[in-house]
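Each remark here refers to the structure printed beneath this line.
The values are calculated or read from the model by the stated rules, or taken from the named source; none is laboratory data. This structure is a prediction, so every number in the text was calculated from the model and none was measured. FYI the Cβ positions are ideal-geometry reconstructions off the backbone, even for glycines, and counts take in every protein chain you see. In case anyone asks, the SASA skips ligands and DNA or RNA and just uses the protein heavy atoms, side chains included. Shrake-Rupley method; radii C 1.70, N 1.55, O 1.52, S 1.80 Å.
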Amino acid sequence: MAHRTPPLGQAQAQTSATPSPATLRSRTSATTTQRTTSTSTTRPNGARGPVSASQKTATKERTPSIRLAKLLLWVFLVHVGAIYLFTRGFLLSRSVLDSKSECDNTNMDESIFTDDRLAVSKCWYPQQYKKAVVIVIDALRFDFVVPHHDLPDYEREPYYLNKLPVIHRLLEEQSDNTLVYQFVADPPTTTLQRLKALTTGTLPTIIDAGSNFASSALKEDNWLAQFESLRGQDRILFMGDDTWTGLFPSVLNTNNSHAFPSLDTHDLDTLDNGVIKALGPALEDPSKWDLLIAHFLGVDHCGHTYGPNDPHMAVKLEQMNDQLEKVLKSVSDDTLVLIMGDHGMNGHGDHGGDSDDEVEAGMVIYSKRKFLDASVLDQFSLGDMLRYTKPVGGNVYRTVQQIDLVPSLSLLLGLPIPFNNLGSVIPELFLSAKDPKSAIRDLLRATRLNAAQVATYFESYIELHPTSDIAMAVEMEFGELFTRAETFMRELGQDPRAKTEDLAKALKLYSEYLRTSLSSCKRIWAHFDVPLMAAGGGILLASCVCLLLHITIYRTVGMPPSLERFLAGGTLLGIALARHLKPLLLTIETVQESSLGLVDIMIFSMSTFSIAGFLMCLVLNAKSFAKKESWNVFRMIRWPPLSGFLACLFIFVNCLIFASNSYIVHESTFIIGFLQTFGVIGLLFSLRVPDKAARIKAVILVLSFMAMTRVLSASTVCREEQGDLCSPTFYASAQQSVPSQWSLVMLVASGAITPYLIRLLLSGSKSMTGIALLWVDYGLRIGIILGTLYAVLDFEGSKTDGTRAATTGNNANAFEPLLGGMSAGGKYLWIKTTLVRIAFGFALLIGPAAWWANPLCMDIQTVDEPVITADGNRKSAGSSSTAPATQRKIIILGYANAFGASYYMTLTMMFLFVILTQKPLGAIVLSVGLAQISCLVELVDIWRDADFAVWQQGVIARIQAETQESVENTDGIAAAASIQAAAQAEQAKAPTLNLLLPTVVLSLMGNLFFFATGHQATLSSIQWPSAFIGVPTVNYLFSPILVIVNTLGPFILCAMALPLVVLWKMPPKANKLGMLVLFPELTRLCLMMMMHQSLVLVANMFFTGGMFRRHLMVWKVFAPRFMLQASTLLMMDLVLVTVTVLVVLSRVIREVSTVLSIRVV
Amino acid sequence: MILIAMCNLTVIYSTLIWIPTWLNTYTHQADQKQDPTINYTILQNAPLPSLSWTLVSLFGLQTVLGLVQWSLHSSSQANSINKGTKKGSKGGDSSSSIFSVLNTSIAIGAVGILICYIFSVLFGAGIFGQTKETGQLAVYLSLLTFYPASFVLGTDLKSWLKIFVHNSPGTYTEAAFYCQGMMAIFGAWLGSIVIPLDWDRPWQAWPVPCVLGAFMFYCIGTVVGLVVSIVMRQRAARREFGIGPGTAQTGSKKNKSE
């Protein structure tokens, strides 16, 4: 109890009121005495019991906020652990290596083949075919291709069978020239992913964590790019699906390609007819191209629309048959023809998943040259290099991996194998020689090149990621296989007459290496680790349950007494038992397959045991709770009030959003439904406010809240899935990412208005004093002006940059060279940079420092006023100082909003920081957002007052009724006593407005602002240019921070604004025990916000990882949304723990409580 | 006297039950009109003509119903005034002619359309685009909520607030309006959920799910309103008869708990 000296900051000292400290001190001491007496005399009644218990343990003033921070920190850590586990199971990331394979560098000692008959090789492997025709028929399932002769008679022949007779004829008549394969794709079986795999030879993962998220162009090495660099762009001819041109924008352009939109085409024939139209002339004049790619989409569309077993499919396949016939007829001797499906389709004609029908596509390879039968391999006991299908239509076919095409095609065309390839060459394609022995030799050469390329790839991968799972697998599983093969090869030496058996053995070693490495990579990259995902989701869900229990049970107590000890104990126990947990976990069968490391188990056991500790604490405390307030249990079960019910409903519906990709896609428009529903309910609340002035104010506030919501939702960038339903407004046009001119005009306007509005808001409670005067009028204003100036310069600079070439001749605008110089790389760049750096300084250094020195927005005024009219005109400061009989009075300005105003200052500092990182329209949006947050907290305050007034009326009425009864019964004194008792008893049950709904709304507003500031839940909508605000060259400390703040800034603001819901206009008035009970409510709200976001994340995890992990849209829609939600949750947690509670809240509360000498618990 | 009042009430109930059946036929017609058009034309234009017809017919129906209700209401009010019971605390004057009543309720209906329009825009309907569709929805909602209630409530803002804001309808008709109106709005709100789904169904075009939702919940609301009215009437009847002090107490308790 030692905090007696009120630290009077500069603002208070300036007011030259000499007697004020003394009076203040006397006032504070008066309240202290009152408090001490009250604590000693009044026995804590039932409801306050736990508070007094915690009061005993609490020794320091600042304990509650530290305790709260500890609790939140625990939640944060549990969330981190859960997200880590889930992410490790779900977001299997593979780094994309940008290296390209080069012709003259095979990393191989090729001398062994020097005197070969194929020795003349310009590139890795001597070119076998000059030309290639690649016909991709989308969703060409394997059984569409092969003949089915022995159908049972009673069964009508499905429409999709036996519709490609040209291939059947090839198999019969030219079986030596034709190879038919079952072509096994890796899931996800979507066209984009398949094309990537078919050209690069890589396995798909959720994120290809490459150097560039933003563009969809393929950056990895691929045979198309290799072909272009060796033969030139004009030798390629492409026709078909525009997915290709999206992937290879630099290779396939308008000169050499006929691309047709694939997503917007809804009929079956437009695209195919276009391709056919282009294909005809191309086949007639084969001198124009060396590589012809035709991608037909009709079969896939037909599958999606009608399903495979439909007459349309027969028509479509027959059309394909005609085209194939044409192609096969026209090919020359040195042409390789590949006909393939990129994936299959399931029984409904859809694809994307990993069922057999979806992954098994068909591939036909045809050449005028003869292939040697693969049975030659059997002669050398190499038969196990080949895999065969189950009998299909009476025959058995070869089965190969889809990515095996990549090395085979590359080598046959005389290209280097793409750097990232993991496939292995298809043996038959290299067995073209007449003599089995030299055929084996050729194959060995190809396989060896292939293996060397794979080994090089792993080497450079490990170099970049020495601790990755791949590095471990190379070391443990397959690294040595390659070394062994190489050693064997070297032992064979230079001898060109080496025995065929030895060659076969070498071949076997290499192919074993390739096969093992591929299967290891598949395990690591292409398999979701379900146990890890389940562990992560489960922990998160358990933490949500804990939070829910905490929120519902500890209504009146912030935290049970020794919660931290339980949590810490649980964590330590978890660490101790982690080692013993592993064998226990491994007894479960599914866990054995997962790559569960010790770290994972450690995290798992720590979180589990600390959650168990939490529950244990709950159980132990529940006993004492049950004794003291047994009625509480029933109160808990009763139907929640409307606002609480709505809060639950909002959370529930928000979770259900993730059940459908449509809702995720349209979330930006969906989110306003919540807020407007809240608005309508709020309107009803507001209309019920008894006081008329307050009612009108509340109605206006609600309506402006709703209007602002609608206005904000109008600002958006569209994601491509939204299609016509969305028109982008955030940027100047859909194709650009520059702000429009009018948004800059509005930015200037909003920059001028915002400080004024803040001033207005604060002076409503006379809080426009102290630090607020300095910060709002100068700091914030200067910061906003500088930021606006920066945005304008940036905009003008970028504009001149673009048009400079056109206007160099007539230099009409005198500012033009200056502005041009300010764009990136210009000589006046430093001006711009300095401007925005100063603004950042205001937001992050000067503002917070000044605030920390003196956080209060309170001031003291001494007023001499006549004794008689003591409570007449208090606020008219010093007006009647001439009156003789005066009394010196002290008015504390800003008393009513002591907590809120001071807290609001830091919110505006954070606001300034965030808007500096935004685009112009984003800054406007956040200004509106700040206004909206202010509306919300004002509303909450009005409702709280109204609630209290209504309750008070009720209590007064009841007490009056009771006194009347008691007056009738007994004499006056006893009645008065009973009134007092009744009043006290009622006081304990004073209504607390249900603040859970505003909390959920605040957290949803974060989403609204996120979408309104030009973001979407896609990786491509991240605003990368914000990395260079104030940082001319990329900086690995500040640039990521800037991008993160730009992206998650809306959530940061909302998380930070949370305590305002409680603190705004909460007068620091102590109750009879000399305490102000704030922390229980604050704790609940923080936990509520965390629970909302983490429940949403749980739903996200459940749907994304559990139900839709093989969904068609998982890569495009679900996974990015999951990443957004996870980072949102972590960011909100982090902001709540550190900034909100630990820094700002504790400072505000400590300062207010010392100055006013109240005790905040 | 009580018998007469009960007769009046039963008439009102039966007319109230009528509404859904009528509406059903109309919207069924609308549906039948929709289906062939949708199959052959582009999605968005299809439901419009049929919906306008529904609106016109609904307008006529609601007008007739409202007038009947108004006459019943005023007569019952006159009855109660004659009787001198406490119930005649309504602001509306029973002496006004049919046309003045019609005028006021059409005016209120127009205001209701405006309010519904503003709120549907606030809830995300296009600010500039698709005004016709939004307007139709607004007209429909207003016809289901504001317009019928306006015949009885008139321009008495206090009773509007009392019923719809404080959730405390006093009489049976008010209870019916309250349930129907609230349910219709809730239905429109609920109907909007299916709009973003990518099923590409004709009934997902903009105002259709909201209209259908409002209609369905309006029907449910009618039934609920009926039940509530019956309960209220029974309670009132019990109170009026004064069967015993015990029952009166339970009645007041129930009132409190409400």
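Quote the accessible area belonging to A:THR709 in square angstrom, nearest 10, computed with a 1.4 Å probe and with ligands, DNA and RNA left uncounted.
0
Quick one: pull the percent of accessible area on the stretch A:655-700 belonging to carbon and sulfur, 1.4 Å probe, ligands and nucleic acids left out.
73
Take the cross-link list A:LYS196/A:LYS316; A:LYS288/A:LYS326; A:LYS889/A:LYS1069; A:LYS329/A:LYS370; A:LYS196/A:LYS329; A:LYS697/B:LYS158 and give me the ones stretching past 21 Å between alpha-carbons.
A:LYS196/A:LYS316; A:LYS196/A:LYS329
Check A:ILE860: other-chain or 5+ apart residues with amide H under 5 Å from its amide H, H built from backbone geometry?
Close amide H contacts, sequence-distant or interchain: A:LEU893.
Near the amide H of A:ILE426, under 5 Å away, which other amide H atoms are found, from residues 5 or more places off or on another chain, if H is placed in the peptide plane?
A:SER408
Estimate for me the total accessible surface buried between chains B and A (protein heavy atoms, probe 1.4 Å, no ligands or nucleic acids), in Å² to the nearest 100.
Looking at B and A, the buried total is near 1600 Å².
For A:662-673, what's the mean count of beta carbons from other chains sitting within 10 Å of each residue's beta carbon?
3
Per residue of B:117-124, what is the mean number of Cβ atoms on other protein chains within 10 angstrom of that residue's Cβ?
Shielding by partners across B:117-124 averages 6.
Kindly sort A:THR399, B:THR155, A:THR199 by accessible area of their heavy atoms, largest first, with the probe set to 1.4 Å.
From most accessible down to least: B:THR155, A:THR399, A:THR199.
At 1.4 Å probe size, with no ligands or nucleic acids counted, give the accessible surface of B:MET216 in Å², nearest ten.
For B:MET216, solvent-accessible area is about 110 Å².
From the backbone phi of the stretch B:168-185, what are the Karplus-calculated ³J(HN,Hα) couplings (6.51 cos²θ - 1.76 cosθ + 1.60, θ = phi - 60°) in whole Hz, Gly and Pro given as x?
Result, ordered by residue: 10, x, x, 9, 5, 4, 4, 4, 4, 4, 4, 4, 4, x, 4, 5, 4, 5 Hz.
Sort B:127-137, A:452-462 by the packing proxy (mean of other Cβ within 10 Å over each peptide's residues), most packed first.
Result, highest mean first: A:452-462, B:127-137.
Just to verify a number: what accessible area does A:ASP373 come out at with the full protein assembly present, 1.4 Å probe, Å² rounded to tens?
Surface accessible to solvent at A:ASP373 totals approximately 100 Å².
Calculate the spin-label point distance for A:ALA217 paired with A:THR587, positioning each point 7 Å from the Cα along the beta-carbon direction, and give it in nanometres.
5.7
Just to confirm a number: summing +1 for Lys and Arg and -1 for Asp and Glu over residues other than A:GLY570 whose beta-carbon lies under 14 angstrom from that of A:GLY570, what do you get? Could the numbers behind the result be given before it?
Numbers: positive: A:LYS70, A:ARG565; negative: A:GLU564.
Its environment carries a net charge of +1.
Please arrange A:THR769, A:THR834 by accessible surface area, largest first, computed with a 1.4 Å probe and ligands excluded. Before the final figure, lay out each step's value.
Details: A:THR769 15, A:THR834 60 Å².
Descending accessible area places them as A:THR834, A:THR769.
For a quick protection proxy, order the peptides A:219-231, A:1049-1061, A:305-317 by their average other-Cβ count within 10 Å, most packed first.
A:1049-1061, A:219-231, A:305-317
List the pairs from A:LYS100/A:LYS582; A:LYS277/A:LYS390; A:LYS163/A:LYS368; A:LYS100/A:LYS919; A:LYS522/A:LYS1116 whose alpha-carbon separation is above 31 Å, in the order I gave them.
A:LYS100/A:LYS582; A:LYS277/A:LYS390; A:LYS100/A:LYS919
Amide H to amide H, which residues 5 or more places from A:HIS258 or on other chains are under 5 Å from it, using H placed in the peptide plane?
A:PHE238, A:MET239, A:GLY240
Can you list the residues in the stretch B:193-239 whose accessible area drops by at least 20 Å² when all protein chains are present, compared with the chain alone? Use a 1.4 Å probe, heavy atoms only.
The answer is B:ILE193, B:PRO196, B:LEU197, B:ASP198.
Ignoring ligands, DNA and RNA, how do A:ARG398, A:ARG484 rank by accessible area with a 1.4 Å probe, largest first?
Reading off the accessible areas and sorting them downward yields A:ARG484, A:ARG398.
Return the distance in nm (one decimal) between the two label points of a simple spin-label model at A:TRP951 and B:SER97, each offset 7 Å from Cα along Cα→Cβ.
Calculated label separation equals 5.6 nm.
Beta carbons within 10 angstrom, averaged per residue: use that to sort the peptides A:1121-1128, A:686-693, highest first. Write down the numbers at each step before the final one.
Numbers: A:1121-1128: 23.0, A:686-693: 14.6.
In decreasing order of mean packing, A:1121-1128, A:686-693 become A:1121-1128, A:686-693.
Compute the accessible area per residue over the stretch A:353-494, keeping the other protein chains in place, probe 1.4 Å, unit Å².
38
Only protein chains counted, 1.4 angstrom probe. Which residues of the stretch A:707-722 are at least 20 Å² less accessible in the assembly than when their chain is isolated?
A:ARG710
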